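Scroll down for the structure; my scribbles are underneath it.
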Amino acid sequence: MPAEGDQPPPAPGAPIRVRADLRPIQPAPVFLAERPLWRARSDEDPWTPYRPLAGSELAGLLRNNAWTRGPAAFSVRWPPGAFALPDANMVSIVLRVAWQDRELWLMGDALAVHERDLLDLGEPGPGRHRLLKAGHHGSRNASDPVWVAALRPEVAIIPAGYRNRFEHPHAETLATFRSQDLVPWITAPACGVRVAAVPGGWHIQTGEGNEAFTPLRTSPLP
């Protein structure tokens with residue numbers, strides 16, 4: 001079996017799938033990592049949790065740290081510095097993944113205050129077809145309306161646990177997405193959500209076995 005790094009690149013237009021495997025890394029108060037699954041062999045489960053290579057030295061990631069994996073380009077957009085803060089949510093990584101004409105914005109546990117800071121830093125940048133994994137499980141303290149309007153995502157996913165004690169996602173957050181003509185996919189009632197970037201749009205599959213297709217917007221993003 002060839003090593004993962006020796007896999008040939010996919011054909012143009014081939015789907016890309018990304019799963020998040022976020023876990024706290026101590027002592028650095030940040031979270032790693034997002035694993036791109038740009039090519040899945042038939043003999044491996046593409047949803048196996050990411051494990052760092054033996055002997056790898058784990059370190060915190062900061063804004064503008066970047067790397068590539070196959071045709072996907074990864075860039076950390078938050079945090080801008082190694083802050084020592086009592087709340088790990090305040091330094092949760094925001095990761096942007098770019099592939100062809102698509103962008104994935106993986107917000108981790110980022111809050112609205114971080115989203116406004118990102119706007120001040122010039123994010124989200126030139127328009128692309130975007131998927132948003134909403135921050136902080138869809139709480140009322142995240143998914144600032146101005147940030148969501150700037151991103152203009154075509155697909156939104158809210159990772160919220162079933163009957164969670166925080167009652168995520170919050171009604172105000174859902175209203176924010178509705179104002180952008182979006183109905184977000186919520187992981188718990190859907191029994192998990194997988195999204196693939198495919199020609200012409202996004203293919204969504206739930207753990208219940210339901211499937212949907214969201215076409216790309218034809219109007220250019222600002």
Segment 86-111-segment 115-177 distance, computed between alpha-carbon centres (Å): 10
Cβ-derived FRET efficiency at R0 25 Å, ASN141 paired with ALA84, nearest 0.05: 0.75
Exposure proxy order (Cβ contacts within 10 Å, fewest to most) of ASP101, ASP117: ASP101, ASP117
Cα-centred dipole magnitude for segment 59-215, charges only on beta-carbon of K, R (+1) and D, E (-1), debye, nearest 20: 260
Beta bridge orientation in segment 123-222: antiparallel %, DSSP, nearest 5: 70
Sequence of TRP105, TRP78, TRP202, TRP67 once ranked by neighbouring C-beta atoms within 10 Å, starting from the fewest: TRP67, TRP202, TRP105, TRP78
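Read-outs throughout are calculated quantities, based only on the coordinates presented, and are distinct from any laboratory measurement. Only a predicted model underlies this, so the values are computations on that prediction, with no experimental measurement involved. Note: ideal-geometry Cβ built from the backbone for every residue, glycine included; neighbour counts use all protein chains shown.
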